[in-house]
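Undergrad: I have a structure I would like to understand better, so I am pasting it below and will then ask my questions one at a time.
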Amino acid sequence: MGDSSKAARAVDQLSDFTTVNRRLFLVAAFSVVIGAVAALVAAALLLLIGFFTNLFFYGRLAFTFVSPAGNSLGLFEVAVPVMGGLIVGLMARYGSDRIRGHGIPEAIESILTKKSKVEPKLAVLKPLSSAISIGSGGPFGAEGPIIMTGGAFGSVFAQFLHVSSSERKTLLVAGAAAGMAATFNSPVAAVLLAVELLLFEWKPRSLIPVGIASITATVVRWSILGTSPIFPVAATPVPDALTVIAALAVGLIAGGASTMLTWGVYGSEDLFRKLPIHWMWWPAIGGLVIGIGGLIAPRALGVGYNTIDALLLGQLAVGVVAVLVLVKAVIWAFSLGSGTSGGVLAPLLIVGGCLGAIESLFLPAGTLTLWVLVSMGAMIGGTMRSPFTGVVFTLELTHDVNALLPLLGAAITADLITVFTMKRSILTEKVARRGVHVAREYSVELLEQIYTGPVMHGDFLSVQADMPFAELVRSFSNGGGTAIGYPVLDEKGRLSGYLQRNEILARVAKGGYETLQVKDVVSKKLVVAFPDDPMKVAADMLALHDLESLPVVEPSNPAKVVGLISREDVFHARKLWLAEERAYEKHLSVPRPSARRIARNIMQRIRRQKKGKNSDKARKQEEA
């Protein structure tokens, strides 16, 4: 009995956080390997994008990262994205259709529906198809593909190990975060993205390995690509109150633009679904739109890192920016809806940056660089429904810490808008269309916040261990059958066992119990709870030991039963929680005199005044 009580008291649920004991160190060690490899994979993807860009647009064999905007192909430029789309369509048809899309939804779906198991071939096909898509002019970012590729490597690595599904998820997300961190030199934003989108929890068991992988990938990246931010800018002035207020307006516009972009992507997808041709040909049609858009605004082609840099430095004319934002938004939404391979972050940065550059002409405070930067963060926060990722990601891209407060205001405002205009983000809508609902709200589990004491049954019947079992059966049949269980006491009145209702019924059905005592029927190991345990502890023990109910004992005297708890009580706890959530109560109020009291006070004042006048009149008469 004592050992059982101590075990119940020592469960992880009574700690601030839960871990997986020593296995956390093992998973953390694996994440170092995954982080290092993911950084190398990210660097390789960037080289591949450079290779295909040089090959398709300049006809040369080189790995230099260049923009397709400077090509001299003329009208033949339109054919390049079409060819790229055709190749990607063939790879998806005969390789794996999982390479279609921008990577993050596919990672989410693998976590939610496939126990974080990713096919090994995706670790090769996804970066290759993305490099071809982007290298042929696709207006996408490299982050989505590298997130999926890093996640695929983490998953494949984990599949060679004896790990749980939860640990495999952690290693998948570690690879995804490491890939993003290495691509953008943004380790903190990568961890935040993992928390806001992929982990579906905030626990040390997953947060620590993911953070270690992100740090490792960033350090490896420094040795390959350097430590400088991707888009270095001079520090903007420290914002004043007017600047922060203006940032809220930027967030409103970004929230509206986020909604329109999301609608555009999935509206395009719906149009493609209506076409009477196989989806393999859709990316080629999307490529045709990309090519036409490239003739109108060449800077809309490709990843566009140089365009983002030019926006931040104010090197683009207003007319160029206005055309660029329209073309980029249209060709990106249309081509992504076609099912080709590419990411979302870089396009969102360009669209947001263009809007910020235009808004800087009208805003009463701040600089052009500030508003480009703030609008970029707001677009990420609103479109991806990840405001903290948007804020930190933008800061890590530029290292402009002075923009922190305007960024936070704009990202939160954009998130506020999209929460009301869209049920799902651009990332989760795709998963939802495949029949998988994604819940992204994190909160402390309600069973952690309700204690066993207020929920337990205080009225129960105890039985003696040496009591004839047949006598208990008669009592059970004559009205005691409503009991959820019976604590079994020894000769000194101490708890020695517990009989559940289903155990009694099962033994009666078996027959031949006439000579048995109660202690002979008790088969389950004694498991107890305490009144000050969270209900989650009791619920976990009911599930872990396959129990219908269990006794609740006094903490200072574990041999004394004070109540019983059952599976049905878990639902009762939820009813208590819902009552607290939905009961609107008012406990304090400012005392307000009633109309009758006001009228009475006025009449008393009038009578006092009248009495005073009469007294004065009488005194004057006496004096006269």
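Just so you know, all these numbers are worked out from the coordinates, no wet-lab data involved. What you see is a predicted model, and the numbers here were worked out from it, not measured in a lab. Positions of Cβ are backbone-derived with ideal geometry, glycine not excepted, and every protein chain shown enters the neighbour counts.
Undergrad: Report, to the nearest 10°, how far helix 387-398 tilts away from the longest principal axis of the Cα atoms in the chain, using its own Cα long axis and a range of 0 to 90°.
TA: 40
Undergrad: Any idea what the relative contact order of segment 241-432 is, in percent, if you count C-alpha pairs under 8 Å spaced at least 6 apart?
TA: On the way: 316 pairs, mean separation 60.5, N = 192.
Rounded, it is 32 percent for segment 241-432.
Undergrad: How large is the charge dipole for the chain, taken about the Cα centre, if only the Cβ atoms of Lys, Arg (+1) and Asp, Glu (-1) carry charge, to the nearest 20 debye? Working shown, then result.
TA: Details: 58 positive and 46 negative charges, 404 e Å.
That gives the chain a dipole magnitude of about 1940 debye.
Undergrad: Can you give the Rg/Rh ratio of segment 255-304, where Rg is from the C-alpha atoms and Rh is the Kirkwood radius?
TA: My calculation of the ratio gives 1.03.
Undergrad: Check residue 517: other-chain or 5+ apart residues with amide H under 5 Å from its amide H, H built from backbone geometry?
TA: Counting only residues 5 or more places away or on other chains, the set is 469.
Undergrad: Please state the relative contact order of segment 451-581 as a whole percent: Cα pairs under 8 Å, 6+ residues apart?
TA: That works out to 31 percent.
Undergrad: Follow-up question, since we're still on this one. Using the per-residue mean of other Cβ atoms lying within 10 Å as a proxy for protection, in what order, highest first, do the peptides 224-230, 140-146, 498-504 fall? Spell out each step's value before the answer.
TA: On the way: 224-230: 12.9, 140-146: 29.7, 498-504: 20.0.
In descending order of packing, they fall as 140-146, 498-504, 224-230.
Undergrad: Same structure, new question: Each label point is 7 Å from the Cα along the Cα-to-Cβ direction; what then is the distance between the points at residue 419 and residue 159, in nm?
TA: Spacing of the two 7 Å Cα→Cβ label points: 3.8 nm.
Undergrad: Students often forget the sequence filter, so: which aspartates and glutamates lie under 14 Å Cα-Cα from residue 126 once same-chain residues fewer than 8 apart are removed?
TA: Correct list for residue 126: 97, 106, 143.
Undergrad: Next up: How do 285, 49, 358 rank when sorted from fewest to most other Cβ atoms within 10 Å of their own Cβ?
TA: 358, 285, 49
Undergrad: While we're looking at this one, here's another question. Considering the Cα positions of segment 173-261, please state its Rg to one decimal place and its Dmax as a whole number of Å.
TA: Radius of gyration, then largest Cα-Cα span, for segment 173-261: 16.7, 43 Å.
Undergrad: Then there's this: Using the basic label-point model (7 angstrom from Cα toward the beta carbon), what is the residue 467 to residue 62 distance in nanometres?
TA: With each label point 7 Å from Cα toward Cβ, the separation is 9.0 nm.
Undergrad: For the chain, what is the percent of antiparallel DSSP beta bridges, rounded to the nearest 5? Walk me through the numbers on the way to the answer.
TA: Values: 15 of 19 bridges.
Antiparallel bridges make up about 80 percent of those DSSP assigns within the chain.
Undergrad: Next question, about the same structure. Using only the alpha-carbon atoms, what does segment 23-225 span along each of its principal axes? Please give whole angstrom values in decreasing order.
TA: Result for segment 23-225: principal-axis Cα extents of 58, 36, 26 Å.
Undergrad: Starting from the exponent 0.38 and prefactor 2.2 Å, build the expected Rg for segment 326-404 from its residue count and divide its actual Cα Rg by it. Let's see the in-between values first.
TA: Numbers: Rg = 13.2 Å, N = 79, 2.2 N^0.38 = 11.6 Å.
The reported ratio for this selection is 1.14.
Undergrad: Right, another one. Report, in deg cm²/dmol and to the nearest 500, the calculated mean residue ellipticity at 222 nm for the chain, where each DSSP H run with n ≥ 4 adds -39500 (n - 2.57) and the sum is divided by the residue count.
TA: Values: 26 runs with 373 residues, N = 624.
Rounded to the nearest 500, the figure is -19500 deg cm²/dmol.
Undergrad: Taking the 0 to 90 degree range and rounding to the nearest ten, how far is the long axis of helix 567-582 tilted relative to the main principal axis of the chain, both from C-alpha atoms?
TA: Helix 567-582 sits at roughly 70 degrees to that axis.
Undergrad: Would you please report the Å³ per residue occupied by the convex hull of the alpha carbon atoms in segment 241-432?
TA: Working: hull volume 19.8 nm³, N = 192.
That works out to 103 Å³ per residue.
Undergrad: Which of rounded, prolate, oblate describes segment 431-487, given a ≥ b ≥ c as roots of the alpha-carbon gyration tensor eigenvalues and a/c under 1.5 marking rounded, otherwise prolate only if a/b is larger than b/c? Mind showing how you got there, number by number?
TA: On the way: a/c = 4.75, a/b = 2.53, b/c = 1.87.
Cα axes put segment 431-487 in the prolate bin.
Undergrad: While we're here: For segment 451-581, compute Rg over Rh where Rg is the Cα radius of gyration and Rh is the Kirkwood radius from the inverse mean 1/r over Cα pairs.
TA: When Rh is taken as the Kirkwood radius, the ratio is 0.99.
Undergrad: Sorting check: for 191-198, 314-321, which peptide has the highest mean count of neighbouring beta carbons within 10 Å, and how do the rest follow?
TA: Numbers: 191-198: 25.1, 314-321: 14.1.
So the order, starting with the most tightly packed, is 191-198, 314-321.
Undergrad: Which ordering of 94, 451 is given by a fewest-first count of other beta-carbon atoms within 10 Å?
TA: Listing 94, 451 from fewest to most nearby Cβ atoms yields 94, 451.
Undergrad: Longer than 19 Å from Cα to Cα, which of 274/430; 115/423; 492/560; 536/575; 115/169; 525/560 are they? Say none if no pair is. Mind showing how you got there, number by number?
TA: Values: 274/430 17 Å; 115/423 25 Å; 492/560 11 Å; 536/575 15 Å; 115/169 7 Å; 525/560 17 Å.
The answer is 115/423.
Undergrad: Something else about it: Give the label of the value calculated from the structure for Kirkwood radius over Cα pairs in Å, choosing from [x] 28.6; [y] 26.5; [z] 25.2.
TA: Derived directly from the coordinates: [x].
Undergrad: Arranged from highest to lowest average of other beta-carbon atoms within 10 Å per residue, in what order do the peptides 262-270, 128-136 appear?
TA: Details: 262-270: 18.2, 128-136: 27.2.
Going by the mean number of other Cβ atoms within 10 Å, highest first, we get 128-136, 262-270.
Undergrad: Separate question: Please list, short to long, the whole-number percent of alpha-carbon pairs of segment 158-311 in consecutive 5 angstrom bins beginning at zero.
TA: Going out from 0 Å in 5 Å bins, segment 158-311 shows 2, 7, 10, 10, 13, 15, 17, 15, 7, 3, 1, 0 percent.
Undergrad: Please compute the contact order of the chain in relative form: average sequence separation of alpha-carbon pairs under 8 Å and at least six residues apart, divided by the residue count, as a percent.
TA: Computed value for the chain: 15 percent relative contact order.
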